[in-house]
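What follows is one structure encoded as structure tokens, with my remarks underneath.
The values are calculated or read from the model by the stated rules, or taken from the named source; none is laboratory data. Being a predicted model, the structure only gives us computed values, none of them experimental. Please note: Cβ atoms are built from the backbone with ideal geometry, for glycine as well, and neighbour counts cover all protein chains shown. Just the protein is used for accessible areas: all its heavy atoms, side chains included, with ligands, DNA and RNA removed. Shrake-Rupley method; radii C 1.70, N 1.55, O 1.52, S 1.80 Å.
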Amino acid sequence: MSNRKRRAISCLAKLPSLGMQLLFPTRCPFCDAVLGFSGPCTACEEKLRTVRRAPGKPVPAQGHETQFIDMVYAPYFYESVVQSAILRMKFHGRPDLARPLAGRMAGALRAAVLAVQAEWIVPVPSDRGELCRRGYDVPLDLARLLGAELCVPVVQALCKTRTTTPQATLSGEERRRNLHGAFAVRAGISVAGRHILLADDVYTTGATLDACAGALKAAGAASCTGICIAAVR
């Protein structure tokens, strides 16, 4: 086959994806600007540099009263365009933003050399009422995308034992009391000896991840490491 024919076939093969790009152009996950074929959003990349956490470094323990979670990683601080993207994903019907954000989470784990150490990725369970209102499960979506990126199985090993007050409305101490005993390992699932990555969107006081890690370790998990998109500075 001649080079001209090969080029022609290659161009024809690209037509469906080009058509989809024209109908549904790529948008910046952080500011929602239409990017089209122009590549990353340069304005947001500049802003991201100001809120990017040190690659491969866990979130400092100071300010987070945790007992059970071993460490937590997050590629960004919960500020600026990162905060905007997370809020749009959670409260404005944009589950599609989970894909690019999960990619950034995977990068943080690779930088920490944790991508090959986790045996399971476990999403933080969402409240049933929250799922009904939103229509999709943010931690589960992030976990599945992260699992596909890192080739690590995703296991919904945890469940909520009761309905809790939304954490965003509570202080640090109230958050811990609110989640005391709120999570349990699902019947029929053994986490004994497992090294687990707990996936959530934002690391604020640490109460949620710590309560989940407590339930997993009480059932015999060897280690529990948290991974989020962003952490409060």
Select from the range 183-216 the residues that are of a type in the set (A, V, I, L, M, F, W, C) and more than 25 Å from L101 (Cβ to Cβ) and list them in ascending order. A184, V185, A187, I189, V191, A192, A215
Of the residues in the range 74-85 that are out of contact with any strand residue (DSSP E or B) (no Cβ under 6 Å at 6 or more places or on another chain) and assigned to a helix (DSSP H, G or I), the one that is surrounded by the most Cβ atoms within 10 Å (Cβ to Cβ) is A85
The condition of being on the phi < 0 side of the Ramachandran plot, without any contact (Cβ under 8 Å) to a residue 12 or more places away in the chain and in contact with a helix residue (DSSP H, G or I) (Cβ under 8 Å, 6 or more places away or on another chain) holds, among R88, R94, only for R94
Top-ranked residue in the range 106-118 [being farther than 10 Å from L150 by Cα and touching a Pro at 6+ places or on another chain (Cβ under 8 Å); ranked as modelled with the highest pLDDT]: A108
Can you pull out the residues in the range 36-69 that are surrounded by fewer than 16 Cβ atoms within 10 Å (Cβ to Cβ) and in contact with a Pro (Cβ under 9 Å, 6 or more places away or on another chain)? G36, F37, R52, P55
Quick check on the range 115-132: of everything there that is in a helix (DSSP H, G or I) and charged (D, E, K, R), which residue is surrounded by the most Cβ atoms within 10 Å (Cβ to Cβ)? E130
Between residues in the range 136-153 that are closer than 12 Å to P95 by Cα and residues that are surrounded by 20 or more Cβ atoms within 10 Å (Cβ to Cβ) and among the charged types (D, E, K, R), which pairs lie under 9 Å by C-beta distance while being six or more apart or on different chains? V138/D200; V138/D201; P139/D200; P139/D201; L142/D200; L142/D201
Reported set for the range 97-110 where residues are open to solvent by 20 Å² or more (accessible area, probe 1.4 Å) and either under 24 Å from A221 (Cβ atoms) or free of Cβ contacts under 8 Å to residues at least 12 places away in the same chain (or both) is R110
Residues to consider are I196, I229; find the one that is within 21 Å of G107 (Cβ to Cβ), at pLDDT 95 or above, of a type outside the set (S, T, Y) and out of contact with any Cys (no Cβ under 8 Å at 6 or more places or on another chain). I229
